[in-house]
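Written out below as structure tokens is the structure these notes cover.
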Amino acid sequence: MASVTSNMKLLMFFGLVAVALAEVKRFEGDKVFRLKPNLDAHVTIIKDLAKSIEVDFWSPDSEDLVTIGTDVDIQIPARYLNLVYTTLDQSGMEYEIFIEDVQSAVDGQADSGASPRAHSYTKYNTWSEIEAWIDSTASANPTLVRKQVIGNTFEGRPLILLKIGKSSTSTKPAIFMDCGFHAREWISPAFCQWFVKEAVETYGSDNEMTSLLNDMDVYVMPVFNVDGYVFSHTNNRMWRKTRSKISGTSCIGTDPNRNFDAGWCTVGASSNPCSDTFCGKTPESEIEAKTVADFIRSNKSTIKAYITVHSYSQLLLFPYSYSYDLAAHHSELLTVAQGATAALTSLYGTRYTSGPGAATIYPAAGGSDDWAYDLGIKYSYTFELRDTGFYGFLLPESQIKPTCEETMLAVKYIATYVQKNLY
Ligand code: DDK
Ligand code: ZN
Ligand code: ZN
């Protein structure tokens, strides 16, 4: 027994040393540019840059998605700035600098004044803080919140759902909402935590929330891509994908929002494992995607709506993204989206665009929203939260509260619509 304990201490010690020694990527002097390609030649130049130097695409999320007439936000490492300025100036392409120093923006995110080692709804919590928060929230609200572990990530962390709703002996219709598909989109898990807080705090006083949670359950997955989220805290703030190993390459990770079985890898996705939009070896090759897809398939008859929360761009999207074809329920999906974004805007004037994915953002196959819709879940929506690129993924913590408050109005609008149209 004594030797087990000392071995454990030794392991813990090396674990801590490994964390302390882990290369934390720094971004001193890196800049984020907004490019405005309006000629084929400009698109070619951007794609060539992506091949020859290290460029991190913020929006769209990979060079494969760059098209004429759509703004491109890219992060350029400091050492390539001279080359990039020369290239851009020769091309005649219009551009602006959105972030002068990425490291300062990374450091500037934590402006909430919240204590760094305690959970807070107005800060970007680490996975261990979120895990502890899940347990305390579930045990403090046993009649309203139940924790469900539905599987494990590639690196062995738990995939956790919170089932929110008034306990009932009969099966209730449900809404499934996930956050944290993409590691660097930190505002997304912050929103799922906020939603749970609002649910438990306003059940019984807010009529809309009370009626919703009496009639329905909401499955909230606070973090889908847990391994990626952890990596974005410990090693690379700009990480997007999962952390799975792919045989035959040293590149790591798959884009989980290209890994679902919906027109898989046909458009707006890459078969190159080094790309940030890598679609994976096969549909559902990622354990996180397979686990969530299995859960939704098993609860297909009760799940009436699917909501997935990303950032940034201020969009509310619905199917399809894998095709320009309009969904069979296009006009209803659009009307609900417009109602939801109007509610969102009413609070602080934040402007959102809504529409089908392919035409509104870019064609992209393998998304969870298209997959859920084709499975038969009619109300399937993807949020792209704040902002429109001023801070991008580095949205300061001081914007968590207003962002979550306005997003609550949109999510409640959709949920209430679904609830009123159940039968
Ligand atoms: O996965 C993406 O590239 C964005 C969120 Se970062 C969403 C794209 C639209 C929905 C794809 N089904
Ligand atoms: Zn995303
Ligand atoms: Zn996004």
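Laid out as a table, the results:
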{"quantity": "Failed criterion for VAL66 (all others in (1) touching a residue at least 24 places away in the same chain (Cβ under 8 Å); (2) farther than 21 Å from LYS241 by Cα hold)", "calculated": "(2)"}
{"quantity": "Identity of the residue in the range 392-404, surrounded by fewer than 20 Cβ atoms within 10 Å (Cβ to Cβ) and more than 17 Å from PHE195 (Cα to Cα), that ends up farthest from the chain's Cα centre (by Cα)", "calculated": "SER398"}
{"quantity": "Single match in ALA343, ALA410, ALA358, ALA337 (criterion: more than 15 Å from ligand 2 (Cβ to nearest atom) and surrounded by fewer than 21 Cβ atoms within 10 Å (Cβ to Cβ))", "calculated": "ALA343"}
{"quantity": "Subset tally (residues that are touching a residue at least 60 places away in the same chain (Cβ under 8 Å) and either open to solvent by less than 70 Å² (accessible area, probe 1.4 Å) or more than 18 Å from ASN38 (Cβ to Cβ) (or both)) for the range 89-112", "calculated": "15"}
{"quantity": "Residue match in the range 265-285 (condition: assigned to a loop (DSSP other than H, G, I, E, B), on the phi > 0 side of the Ramachandran plot, in contact with a Leu (Cβ under 6 Å, 6 or more places away or on another chain) and surrounded by 15 or more Cβ atoms within 10 Å (Cβ to Cβ))", "calculated": "yes"}
{"quantity": "Condition met for THR388 (within 16 Å of ligand 2 (Cβ to nearest atom), out of contact with any strand residue (DSSP E or B) (no Cβ under 8 Å at 6 or more places or on another chain) and among the polar types (S, T, N, Q))", "calculated": "yes"}
{"quantity": "Output for the range 163-199, where each listed residue is among the acidic types (Asp, Glu) and surrounded by 24 or more Cβ atoms within 10 Å (Cβ to Cβ)", "calculated": "ASP178, GLU185"}
{"quantity": "Wholly within the range 121-204, strands (runs of 3 or more DSSP E) carrying at least 1 residues that are within 16 Å of ligand 2 (Cβ to nearest atom)", "calculated": "174-179"}
{"quantity": "Unique residue being in a helix (DSSP H, G or I) and within 16 Å of ligand 3 (Cβ to nearest atom) when the list is ASP73, ASP64, ASP107", "calculated": "ASP64"}
{"quantity": "Condition check for THR416: in the same structural domain as GLU208 (by TED's automatic domain parsing), farther than 17 Å from ILE296 by Cα, open to solvent by 10 Å² or more (accessible area, probe 1.4 Å) and among the β-branched types (Val, Ile, Thr)", "calculated": "yes"}
{"quantity": "Residues within the range 138-149 that are under 22 Å from PHE295 (Cα atoms) and either open to solvent by less than 60 Å² (accessible area, probe 1.4 Å) or of a type in the set (Lys, Arg) (or both), tallied", "calculated": "5"}
{"quantity": "Test result for PHE176, out of contact with any Ser or Thr (no Cβ under 8 Å at 6 or more places or on another chain) and in the same structural domain as ALA372 (by TED's automatic domain parsing)", "calculated": "yes"}
{"quantity": "Failed item, numbered, when ILE130 is tested on (1) of a type outside the set (Gly, Ala, Ser); (2) more than 16 Å from ligand 3 (Cβ to nearest atom); (3) over 19 Å from the mean Cα position of the chain (by Cα)", "calculated": "(3)"}
{"quantity": "Residue within the range 221-229 that is out of contact with any helix residue (DSSP H, G or I) (no Cβ under 7 Å at 6 or more places or on another chain), open to solvent by less than 20 Å² (accessible area, probe 1.4 Å) and farther than 20 Å from ALA132 by Cα present", "calculated": "no"}
{"quantity": "Qualifying residue in the range 318-326 (condition: buried (at least 21 other Cβ atoms within 10 Å of the Cβ) and of a type in the set (Gly, Ala, Ser))", "calculated": "yes"}
{"quantity": "From the options THR308, THR282, residue that is within 12 Å of ligand 1 (Cβ to nearest atom) and assigned by TED's automatic domain parsing to the domain that holds PHE154", "calculated": "THR308"}
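The values are calculated or read from the model by the stated rules, or taken from the named source; none is laboratory data. What you see is a predicted model, and the numbers here were worked out from it, not measured in a lab. Positions of Cβ are generated from backbone atoms using ideal geometry, with glycine treated the same way; all protein chains shown enter the neighbour counts. Only protein heavy atoms, including side chains, enter the accessible area calculation; ligands, DNA and RNA are left aside. Shrake-Rupley method; radii C 1.70, N 1.55, O 1.52, S 1.80 Å.
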